[in-house]
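Working notes, beginning with the structure itself.
The values are calculated or read from the model by the stated rules, or taken from the named source; none is laboratory data. None of the values given here were measured: they were computed from a predicted structure. Cβ coordinates were reconstructed from backbone atoms using ideal geometry, including for glycine residues, and neighbour counts include every protein chain displayed.
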């Protein structure tokens, strides 16, 4: 029975830690990489809530920072869940 619990925990941790880095990369691409490409290719514009503009391109700061902080908090919580599971004997 402990084996089944450990497998479910591993699956949940894998899903969660696979989801949040995707959000982080998406925010990085939308807020930093696409505006940089827009500097090289005229006519491409980005949008963001908190932004720094350069040559009519908007480099978003807010969305990426929110995604980064969310990722760090989720990773911290998952780390402690795994530590507690190991302490309870789920190996």
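Per-residue answers, yes or no, for (1) within 19 Å of the chain's Cα centre (by Cα); (2) modelled with pLDDT under 80:
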residue: 30; (1), (2): yes, no
residue: 39; (1), (2): no, yes
residue: 42; (1), (2): no, yes
residue: 84; (1), (2): no, no
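What do you reckon, is residue 54 surrounded by fewer than 16 Cβ atoms within 10 Å (Cβ to Cβ), over 14 Å from the mean Cα position of the chain (by Cα) and modelled with pLDDT under 70?
On the way: surrounded by fewer than 16 Cβ atoms within 10 Å (Cβ to Cβ): yes; over 14 Å from the mean Cα position of the chain (by Cα): yes; modelled with pLDDT under 70: yes.
Against the criterion (surrounded by fewer than 16 Cβ atoms within 10 Å (Cβ to Cβ), over 14 Å from the mean Cα position of the chain (by Cα) and modelled with pLDDT under 70), residue 54 qualifies.
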